[in-house]
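Participant: My structure is below; once you've seen it, I'll send some questions.
Each reported figure results from applying straightforward, stated rules to the coordinates on display, with no laboratory input. Model, not experiment: these values are computed from the prediction. We place every Cβ from the backbone using ideal geometry, glycine too, and count neighbours over all the protein chains shown.
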Amino acid sequence: MSRIQEIELQLDPIRNQLKSHPLYSTLSNLEDVAVFMEKHVFAVWDFMSLLKALQNHLTNVSVPWTPKGNGATARFINEIVMAEESDVNELGEAMSHYEMYIDAMHQVKADTHTIGTFVTAIRAGDNIQTAAKKINLETPILEFIQFTMDVINTHKPHCIASAFTFGREDVIPDMFLEIVSQSETKENDKTYGKLLYYLNRHIELDGDEHGPISLKMVQELCGDDSVKWAEVLETAKAALECRLKLWDHITDSILKMNTLEV
């Protein structure tokens, strides 16, 4: 059994919890989907920080340029960056997946002001905590983002790759398949067209391309270093636990909203 297979075996219990999470069955109407998107968008945003942190470590973005020394890992991350930062939407227009998600939020009439204010504050130079205070960001969402930033701040490429691979690329297809199959969204429902495109695009890319590439990247970064492999497993478990807590929070928010409306 390979190191990757050993890790995936140990992650199976928590992955199964995510796959069978009650969140998916709560997405029964447009309002539920809008609440989900308003909270999940922060995970869509901070995913790009994981990706760019890996790009900074595995490629040379400094000028004057010098070779980094590992063409394999550079190629892995550059292929993923190209799709995540400049994919094509359902109209064939080039845009990042974050921007596609915002576009989908507009379509379902979800609020984008909160995430917009947050990103504007970050762009202006605020740190995560300061930007979060400006929008009264809910604690479970802030904790999810903070975990991402803490992993990035380890400056350990194998740990960042673990959070990226096992906490995102390797698990997203299963989660998004559940959202597509258990919600009332229909492919021919124009109300959800942009969201369905986004979800199905991630299922396609992450399952068929980015997931396998990311696993190879982890292998390249760890090699035969047992300490690195142990840190990869520890980071992966923590990343999935954070996702579970975020899913719990979103589920509770939707259920509370529906209870108040009765």
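Participant: Helix hunt in the chain: which complete DSSP H runs extend at least 30 Å axially by C-alpha with mean Kyte-Doolittle at least 0.0? Intermediate results must be reported in sequence, preceding the final value.
Facilitator: Values: long enough: 30-58 (41 Å, 0.57); 226-261 (53 Å, -0.04).
Helices passing the filter in the chain: 30-58.
Participant: Where the Cα atoms of the stretch 92-181 are projected onto their three principal axes, how long is each span, largest first, in whole Å?
Facilitator: Each principal axis gives a Cα extent; for the stretch 92-181 these are 38, 33, 28 Å.
Participant: When ranked by the protection proxy of mean other Cβ atoms within 10 Å per residue, highest first, what sequence do the peptides 192-198, 152-158 form? Intermediate results must be reported in sequence, preceding the final value.
Facilitator: Values: 192-198: 20.4, 152-158: 16.7.
Result, highest mean first: 192-198, 152-158.
Participant: Which number do you get for Rg(Cα) / (2.2 N^0.38 Å) in the stretch 1-142?
Facilitator: Values: Rg = 18.4 Å, N = 142, 2.2 N^0.38 = 14.5 Å.
Rg over 2.2 N^0.38 Å, computed on Cα atoms: 1.27.
Participant: Which number do you get for Rg(Cα) / (2.2 N^0.38 Å) in the chain?
Facilitator: Numbers: Rg = 18.3 Å, N = 262, 2.2 N^0.38 = 18.3 Å.
The value comes to 1.00.
Participant: Whole angstrom only: what separates the Cα centroid of the stretch 3-36 from the Cα centroid of the stretch 205-257?
Facilitator: Here the two parts' Cα centres lie 12 Å apart.
Participant: Which value in deg cm²/dmol, rounded to the nearest 500, describes the helix-derived mean residue ellipticity at 222 nm for the chain, given -39,500 (n - 2.57) per DSSP H run of n ≥ 4 and division by the residue count?
Facilitator: Computed ellipticity for the chain at 222 nm equals -23500 deg cm²/dmol.
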